[in-house]
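Asker: Input: one structure, supplied below.
The values are calculated or read from the model by the stated rules, or taken from the named source; none is laboratory data. Being a predicted model, the structure only gives us computed values, none of them experimental. Positions of Cβ are generated from backbone atoms using ideal geometry, with glycine treated the same way; all protein chains shown enter the neighbour counts.
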């Protein structure tokens, strides 16, 4: 799955479609290139109501897969049955990730690659990935040291499992 997407819709459009009550993003600018470990908008439930926040893309890496002191994060959660991800499968940790397009690399004959962009074809610019989020303390970048961040990742699942997540709220 992709490790590059964009979000060009306005925060007003996100708030209207996702029925957001609290917007904590400030002045959300269009984001043409969202890469792993960067901040992006997500919609999540809180006791105060559904909120729009900025969170860092990449859930905590399972300890057995960490290399060195930094945790670059896991952007796409493929195995939701893994014990590592079970702690975040409850409704409180589900989120929606707004996007206008995502890319997949296309391998060219010369061995290089280029991004191929995918977007909705029905004239609606805004879409959402299902995701999970958590608050986590780790070292994402050595220069920053240990930080506590709201993190998120995309949930990837088989169509037969999709019904479980069709209405995360």
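Asker: Every residue in segment 68-83 that is at pLDDT 90 or above and touching a strand residue (DSSP E or B) at 6+ places or on another chain (Cβ under 9 Å), please.
Answerer: 70, 71, 73, 74, 75, 76, 77
Asker: Being surrounded by 15 or more Cβ atoms within 10 Å (Cβ to Cβ) and in a strand (DSSP E or B) is the filter; apply it to segment 140-169 and report the residue that is modelled with the lowest pLDDT.
Answerer: 155
Asker: Here's something else I'd like to know. Answer yes if at least one residue in segment 1-15 is loosely packed, with under 13 Cβ neighbours inside 10 Å and under 14 Å from residue 129 (Cα atoms), and no otherwise. Write out each step before concluding.
Answerer: Pass one, segment 1-15, residues loosely packed, with under 13 Cβ neighbours inside 10 Å: 1, 12.
Now drop any that are not under 14 Å from residue 129 (Cα atoms), which leaves 1.
Scanning segment 1-15, I find at least one residue that is loosely packed, with under 13 Cβ neighbours inside 10 Å and under 14 Å from residue 129 (Cα atoms), so the answer is yes.
Asker: Same structure again: Can we say residue 125 is assigned to a strand (DSSP E or B) and over 17 Å from the mean Cα position of the chain (by Cα)?
Answerer: Numbers: assigned to a strand (DSSP E or B): no; over 17 Å from the mean Cα position of the chain (by Cα): yes.
For residue 125, the condition - assigned to a strand (DSSP E or B) and over 17 Å from the mean Cα position of the chain (by Cα) - is not met.
Asker: Something else: Which of the residues that make up segment 108-121 are assigned to a loop (DSSP other than H, G, I, E, B) and modelled with pLDDT of 90 or more?
Answerer: Keep residues of segment 108-121 that are assigned to a loop (DSSP other than H, G, I, E, B), which gives 108-112, 119-121.
Residues satisfying the conditions are 108, 109, 110, 111, 112.
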